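S.K.: Input: one structure, supplied below.
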Amino acid sequence: RLAAGTTRFCAGIVSTARHVSIELKMADYSNKLYQQLEQETGVQTGYMKTGSISLAQTQDRLISLKRIASSLNVMGIPCEIITPKQVAQLHPLINIHDLVGAMYVPEDALVSSANVSLALATAASRNGVQIHERTSVSHVLIQKGRVTGVETDRGKIQCQYFVNCAGQWAYELGHSGDEPVNIPLHACEHFYLLTHPLKEPLASSVPTIVDPDGRIYIRNWQGGILSGGFEKNPKPLFTEGRNQLEIQNLQEDWDHFEPLLSSLLRRMPDLEALQIMQLVNCPESFTPDMRCIMGESPTVRGYFVLAGMNSAGISYGGGAGKYLAEWMVNGYPSENVWPLDLKRFGTLQSSRTFLRHRVMEVMPLMCDLKVPRWDFQTGRQLRTSPLYDRLDAQGARWMEKHGFERVKYFVPPGKDLLDLDQSKTFYKPDWFDIVGSEVKCCKEAVCVIDMSSFTKFEISSTGDQALESLQYLFSNDLDVPVGHVVHTGMLNEKGGYENDCSIARLSKRSFFMISPTDQQVHCWAWLKNRLPNDSNLTMEDVTWKYTALNLIGPRAVDVLSELSYAPITPEHFPSLFCKEMSVGYANGIRVMSITHTGEPGFMLYIPIEYALHVYNEVMNMGQKYGIRNAGYYALRSLRIEKFFAFWGQDLDAFTTPMECGREFQVKLDKGMQFVGQEALLEQKQNGVYKRFTMFILEDHDTDMDLWPWWGEPIFRNGRYVGKTTSSAYSYTLERHVCLGFVHHFDEKTGEELVVTTDFINQGEYEIDIAGQRFQAKAKLYPFSSLFTQRRRKDEVELSGYQRE
Ligand SMILES: Cc1cc2nc3c(=O)[nH]c(=O)nc-3n(C[C@H](O)[C@H](O)[C@H](O)COP(=O)(O)OP(=O)(O)OC[C@H]3O[C@@H](n4cnc5c(N)ncnc54)[C@H](O)[C@@H]3O)c2cc1C
């Protein structure tokens, strides 16, 4: 039945204040859509523009709100930071004594969610959509990896596309087909109370209150109030074995709701005498990373998913539907939806225990403060390197990516370990000096970083099939001599980066491909769907077979040559080279002269059974060269100061090599067509509409000022031109460096214009960190003079890419 799921009990708050930019865009679209729906369909949706006020009880919370406010403002969504007194003026019942400020979004709204569903269904029917109510899908029919139909309790229906938008049942429905589709979500109980109308009924226009520090939200409801929240100890819910697909109000649990009720009474003390009408309890689905799930299954063509709304389904619904529809019709949505793509997950996030533990962390996180570099605490130590215990014993502090434990930094002996684990701040963190010394060691001696989480594929063939296919799917020329490593994009038809990787030619007919950690599912699916179905061509995911050690620094060459007895001089081992070598007793180590940072050094891909041996050998030999362990924070600082873009942070499916200064990694004249070539040729002809730029903060005090993170608005001559994508403190420049994209919007029409080098160079820039602007110097080339010269040479050779 329409609106018989969670939507039936939804509190109806449409809120645009979101941290993730794509979620913010979806909510904005929904708000605008719902506003016109009643007029369009004649179905009353209860749409009421009340505005919303998010309260801050602490300075840190206010900073977090200011960051969101900056994002909303540059998107043209009205929003202001207001004082507690202004809160009291906008809402008569709010206790403001413990507040330090608030964020007011006047265009946020309330709707009746069930009626919005009916209105959307009405509009769809008018456009020819058939709706079969009270019809249950038992499983999805799949043939040769494609959806062909669904089996329902009223018979079979043939279809080319199927969208699993079954809310909390999506997980089980995903597993009910001939081929399982993993949809990692899990429901938790979610409560709100309803009161009778107040003595003096609350005006219907009164703004919705969100009090994250108090873990509650409060809206007007028929002259009384509706108030729910996100408790610290959520109750996960299992649905196995229940086939009823309509949600009933679950059991009341007043003991469980008590902390939220106390919080409500603190925020609205006048409610003491209030008459409670009902405590609503309804399941809602949460996902492992607090972001909803959309997109096509990596294994079954035509099987789409839209589920796991993390308590914001009505806010996202309109926008999410739009992007999914575009995806199905055009093959790709009009915005970068990678943060929501089903393919960011693998089977590893689908264990019931993992989901149960993770959603119990996620639900409280809806209200917790999101400071830079926070990590999930549950579902940890799932994927680890064979060196995990060794590194842990040496003071490693861990973070997680795609289920893999990666080292952030190493706490030196004697430091207060507990204290260091609490480094949750918007300001200078307490690991500052520790990471600084790791960076220094990378610059002056040698460090080793375990980077085993990288995705690794081997692609080989009996004849030329591997080379021919890869030449078509990648933009750089892979027909290089055996032993060479090529940095290349895996582009889509629009020239955007579906992946950014390094490929080593192991032999005439085999290639070793290294991709970012979270590419494991996406890249596999992309290649599987495009490689010819030829038994002479094989692709294997060998991620788990190799431990990867990054030896960074000027003395890396000494360590390696002593351990391998092989000449590692630039003539024998030039840059971007790959050789199988023995290191210590271990044979078959794939050594590549790259470090992903712009610093000298080598990546060692070691068959896992040799990992500990090789690590021990490297550390022992490295002693005399001052070797030490380092982590990803040092790597991040090094790569950002060198202006290295990383996929998933700086690069995405909407960014081309021309836009991020990587023309030199594209071979337009490699003698055959490749995916994205036409789009790149057009950019070469007409110029680009955004340009990857490096910003050095000028008047920023590292000790006293807020640190940039990513997503900060960039202003050129006082006008908004784009956002940062990553940032780090550069210990070399002793300044903060931000990377981001600069656009050129016409001052009168707002139309996007070509971005030229002059446009970048002739502007005065500021970066907005939580509402405070800092002057920044823009650069299109990194500082290292050697690197700069090479890049410039490449630019000259490929001159004409940029019409100036
Ligand atoms: C108490 C509460 C308050 C909330 N308040 C808000 C709010 O104020 N603002 C906001 O934005 N969000 C809110 N949410 C979240 C929002 O309600 C949900 O995110 C949203 O309703 C989820 O919609 P959905 O379509 O994904 O799932 P559902 O609404 O659960 O829909 C799933 C549908 O799939 C059908 N189905 C399942 N399996 C099958 C099958 N095998 N065959 C056929 N049909 C099937 C079900 O019958 C159901 O109709 C709230 C949630 C709760 C629980």
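The values are calculated or read from the model by the stated rules, or taken from the named source; none is laboratory data. In this text the structure is predicted, and so the values were computed from the model without any measurement. Positions of Cβ are backbone-derived with ideal geometry, glycine not excepted, and every protein chain shown enters the neighbour counts. All accessible areas refer to the heavy atoms of the entire protein, side chains included, with ligands and DNA or RNA removed. Shrake-Rupley method; radii C 1.70, N 1.55, O 1.52, S 1.80 Å.
S.K.: Checking Leu651 against (1) more than 25 Å from Ile594 (Cβ to Cβ); (2) hydrophobic (A, V, I, L, M, F, W, C); (3) open to solvent by less than 10 Å² (accessible area, probe 1.4 Å), which single condition isn't satisfied?
M.R.: Failed condition: (1).
S.K.: To continue, here is another question. Tell me, please, whether a residue that is open to solvent by 30 Å² or more (accessible area, probe 1.4 Å), out of contact with any Leu (no Cβ under 9 Å at 6 or more places or on another chain) and either of a type in the set (Asp, Glu) or within 16 Å of the ligand (Cβ to nearest atom) (or both) can be found in segment 340-352.
M.R.: No, every residue in segment 340-352 fails to be open to solvent by 30 Å² or more (accessible area, probe 1.4 Å), out of contact with any Leu (no Cβ under 9 Å at 6 or more places or on another chain) and either of a type in the set (Asp, Glu) or within 16 Å of the ligand (Cβ to nearest atom) (or both).
S.K.: Just name the residue that is modelled with the lowest pLDDT out of those in segment 191-231 that are under 19 Å from Glu272 (Cβ atoms) and among the acidic types (Asp, Glu).
M.R.: Within segment 191-231, the match that is modelled with the lowest pLDDT is Glu200.
S.K.: Next question, about the same structure. Across segment 663-704, which residue is farthest from Phe646 (Cα to Cα) among those that are part of a loop (DSSP other than H, G, I, E, B), in contact with a strand residue (DSSP E or B) (Cβ under 8 Å, 6 or more places away or on another chain) and of a type outside the set (Val, Ile, Thr)?
M.R.: The residue in question is Asp699.
For every residue, the table says whether it meets (1) surrounded by 15 or more Cβ atoms within 10 Å (Cβ to Cβ); (2) under 35 Å from the mean Cα position of the chain (by Cα); (3) not assigned by TED's automatic domain parsing to the domain that holds Gly223.
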{"residue": "Asn95", "(1), (2), (3)": "yes, no, no"}
{"residue": "Ser113", "(1), (2), (3)": "yes, yes, no"}
{"residue": "Val129", "(1), (2), (3)": "no, yes, no"}
{"residue": "Arg134", "(1), (2), (3)": "no, no, no"}
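S.K.: How many residues does segment 134-150 contain that are within 10 Å of the ligand (Cβ to nearest atom) and either among the hydrophobic types (A, V, I, L, M, F, W, C) or touching a strand residue (DSSP E or B) at 6+ places or on another chain (Cβ under 9 Å) (or both)?
M.R.: 7
S.K.: Can you tell me which residues in segment 201-222 are away from the ligand (no atom under 14 Å from the Cβ) and either in a strand (DSSP E or B) or more than 35 Å from the chain's Cα centre (by Cα) (or both)?
M.R.: Across segment 201-222, the qualifying residues are Pro201, Leu202, Ala203, Ser204, Ser205, Asp211, Gln222.
S.K.: Still on this structure: Could you check, for segment 18-28, whether at least one of its residues is farther than 30 Å from Ile63 by Cα and touching a helix residue (DSSP H, G or I) at 6+ places or on another chain (Cβ under 8 Å)?
M.R.: Taking every residue of segment 18-28 in turn, none turns out to be farther than 30 Å from Ile63 by Cα and touching a helix residue (DSSP H, G or I) at 6+ places or on another chain (Cβ under 8 Å).
S.K.: I need the full set of residues from segment 163-189 which are open to solvent by 20 Å² or more (accessible area, probe 1.4 Å), outside any loop (DSSP other than H, G, I, E, B) and within 11 Å of the ligand (Cβ to nearest atom), in order please.
M.R.: Result: Val163, Gly167, Trp169, Tyr171, Glu172, Leu173, Glu189.
S.K.: Which of the residues spanning segment 20-56 are in a loop (DSSP other than H, G, I, E, B) and either within 15 Å of the ligand (Cβ to nearest atom) or open to solvent by less than 10 Å² (accessible area, probe 1.4 Å) (or both)?
M.R.: Val20, Thr45, Gly46, Tyr47, Thr50, Gly51
S.K.: Another question, then. Kindly list, by first and then second residue, each pair from a residue in segment 299-322 that is in contact (Cβ under 8 Å) with a residue 60 or more places away in the chain and closer than 19 Å to Asn336 by Cα to a residue that is away from the ligand (no atom under 13 Å from the Cβ) and of a type in the set (D, E, K, R), limited to pairs with Cβ atoms under 6 Å and residues at least 6 apart or on different chains.
M.R.: Phe304/Glu296
S.K.: Does Glu80 meet the test of being more than 15 Å from the ligand (Cβ to nearest atom), touching a strand residue (DSSP E or B) at 6+ places or on another chain (Cβ under 7 Å) and charged (D, E, K, R)?
M.R.: yes
S.K.: What residue, among those in segment 280-297 that are closer than 17 Å to Glu361 by Cβ and among the acidic types (Asp, Glu), is nearest to the ligand (Cβ to nearest atom)?
M.R.: My answer is Glu284.
S.K.: If we keep just the residues of segment 323-333 that are in a helix (DSSP H, G or I) and within 20 Å of the chain's Cα centre (by Cα), which is farthest from the ligand (Cβ to nearest atom)?
M.R.: That would be Trp327.
S.K.: Let me ask you something else. For residues in segment 291-313 being open to solvent by less than 10 Å² (accessible area, probe 1.4 Å) and over 19 Å from the mean Cα position of the chain (by Cα), which is farthest from Ala27 (Cα to Cα)?
M.R.: Taking the candidates together, the pick is Val300.
S.K.: Which of the residues that make up segment 271-290 are over 14 Å from Gly167 (Cα atoms) and part of a loop (DSSP other than H, G, I, E, B)?
M.R.: Scanning segment 271-290 gives Leu274, Gln275, Pro288, Asp289, Met290.
S.K.: Could you say which residue among Gln251, Gln244, Gln275 is open to solvent by 10 Å² or more (accessible area, probe 1.4 Å), at pLDDT below 95 and within 12 Å of the ligand (Cβ to nearest atom)?
M.R.: When all the criteria are applied, what remains is Gln244.
S.K.: Just the residues that are at pLDDT 95 or above, under 19 Å from Phe454 (Cα atoms) and open to solvent by less than 20 Å² (accessible area, probe 1.4 Å), please, taken from segment 596-631.
M.R.: Passing the criteria: Gly601, Phe602, Met603, Leu604, Tyr605, Ile606, Ala611, Val614, Tyr615, Asn629, Ala630, Gly631.
S.K.: Still on this structure, I have one more. Across segment 702-722, what is the total count of residues that are within 22 Å of the chain's Cα centre (by Cα) and at positive phi?
M.R.: Total satisfying the criteria: 2.
S.K.: Sticking with this one: Of the residues in segment 136-155, how many are open to solvent by less than 30 Å² (accessible area, probe 1.4 Å) and of a type in the set (A, V, I, L, M)?
M.R.: So the answer is 4.
S.K.: Take Pro574 and decide whether it is assigned by TED's automatic domain parsing to the domain that holds His484, out of contact with any strand residue (DSSP E or B) (no Cβ under 7 Å at 6 or more places or on another chain) and under 18 Å from Ala504 (Cβ atoms).
M.R.: Yes; evaluated as a whole, the condition is true for this residue.
S.K.: May I pose another question? For segment 97-111, which residues satisfy the criterion of being open to solvent by less than 40 Å² (accessible area, probe 1.4 Å) and closer than 14 Å to Gln35 by Cα?
M.R.: Within segment 97-111, Asp108, Ala109, Leu110, Val111 meet the criteria.
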